[in-house]
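Shown next, in structure tokens, is the structure this report addresses.
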Amino acid sequence: MTTPRRALVREPGDRYPGCISSHPLLHTVDVRRARAQHARYCEVLSDLGLEVIRVPRDDLRPDSCFVEDNAVVHGNKALVCRMAKESRRGEEAGVEAVLREHMPVKRAVPPATMEGGDVVHLPDRLISGLSQRTNTAGVAQMKDWLGVPVDTIADPGIVHLKSYVTYLGRRMMISTRKYANHPALRGYRVLVAPEGEEYAADTLAVGDAVIMPAGLLRAHEMVREAGFDVIPLDVSEFEKCEGAVTCLSILL
């Protein structure tokens with residue numbers, strides 16, 4: 001697992017309030033605020049030493065700012081995903097065009113469905129959810145093209161695995177209680193997100209820094225005590241669309 005040098009991002013489009021979400025505050029989504037939060041997110045990535053590459057905005061597809069779902073990058077190769085939801089298909093074209101400037105790319109094909117939000121990147125392997133959005137054919141195509149071992153966590157009730165489990169670095173993970181003892185996490189120290197702060201399980205680690213949603217103070221303290229620098233970010237407008245800090249970038 002190499003240290004990332006670049007981050008692909010995409011600003012929320014005009015139709016962002018139409019995102020796929022069952023969040024009770026969905027009706028309060030504010031595009032202007034979302035764009036301001038996104039700009040701050042990009043600023044932090046840049047401050048952490050990453051070259052921020054902006055994929056052209058997509059004003060037709062509401063969920064297009066969640067670029068992570070569009071591709072899985074590993075070992076200088078990319079699998080462009082085949083999204084499970086019809087309304088999201090087409091998002092990946094802009095991301096694919098940018099990725100092709102940097103590495104070999106292959107597209108997932110039917111019957112695969114695959115979304116990058118299901119894939120946790122570890123130093124020696126990947127863990128993929130088998131979820132509402134990713135199926136066994138998708139995992140098989142990812143494994144074959146990227147040439148990497150893939151463990152799975154099957155739960156047809158979830159949208160994306162990374163809402164529940166992410167890798168912090170130094171053989172440490174953060175997880176909700178639901179998956180903390182799953183065999184796929186064996187061999188890692190697992191920090192369990194405090195009750196009521198489960199949203200903190202979706203983190204974005206860049207070196208020793210860990211970007212986390214703001215306001216989850218017990219979770220922040222737990223990650224700090226584990227030896228990481230915590231950078232809290234206000235991502236309220238993305239939480240309303242059932243997104244989080246990993247969803248907004250693809251690290252290369």
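Things to note:
- Apolar share of the accessible surface for the chain: 50 percent from carbon plus sulfur atoms, 1.4 Å probe.
- In the complete set of protein chains, residue-level accessible area for Ile20 is approximately 60 Å², probe 1.4 angstrom.
- Accessible area per residue for region 107-161, computed on protein heavy atoms with a 1.4 Å probe, is 36 Å².
- Once C-alpha pairs closer than 8 Å and six or more residues apart are averaged by separation and normalised to the residue number of the chain, the relative contact order reads 22 percent.
- The separation of region 226-242 from region 12-42, counted between C-alpha centres, amounts to 14 Å.
- Note on the chain: helix-only mean residue ellipticity at 222 nm, from DSSP H runs of 4+ residues weighted -39500 (n - 2.57) and normalised by residue number, equals -5500 deg cm²/dmol.
- Note on Ala93 and Arg33: the model spin-label points, each 7 Å out from Cα along the C-beta direction, lie 3.3 nm apart.
- Cβ-isolated cysteines (cut-off 4.7 Å), the chain: Cys42, Cys65, Cys81, Cys247
- Region 141-252 shape via C-alpha gyration tensor axes, a/c threshold 1.5: rounded
- Put a plus charge on the Cβ of each Lys and Arg, a minus charge on the Cβ of each Asp and Glu, and nothing anywhere else: the dipole of region 183-252 about its Cα centre is then about 280 debye.
- Label of the coordinate-derived value, mean projected area of the Cα convex hull in nm², listed as (1) 11.7; (2) 18.1; (3) 13.5: (1)
- For region 53-164, the relative contact order works out to 24 percent when only alpha carbon pairs closer than 8 Å and six or more residues apart are counted.
- Protein heavy-atom accessible surface, 1.4 Å probe, per residue over region 169-252: 41 Å².
- Check: the chain dipole with +1 on Lys, Arg Cβ and -1 on Asp, Glu Cβ, in debye: 540
- Dipole-positive endmost among Gly157, Leu233, Ala71 within the chain (Cβ charges, Cα centre): Ala71
- Taking every DSSP bridge with both residues inside the chain, close to 45 percent are antiparallel.
- Under 28 Å from Lys178, Cα to Cα: lysines that are on another chain or at least 8 residues apart: Lys85, Lys143, Lys162, Lys240
The values are calculated or read from the model by the stated rules, or taken from the named source; none is laboratory data. Here the structure is a predicted model, which means the values were calculated and not measured. Every residue, glycine as well, gets a Cβ built from its backbone with ideal geometry; the counts of neighbours run over all protein chains shown. Note: areas computed on protein heavy atoms with side chains; ligands, DNA, RNA excluded. Shrake-Rupley method; radii C 1.70, N 1.55, O 1.52, S 1.80 Å.
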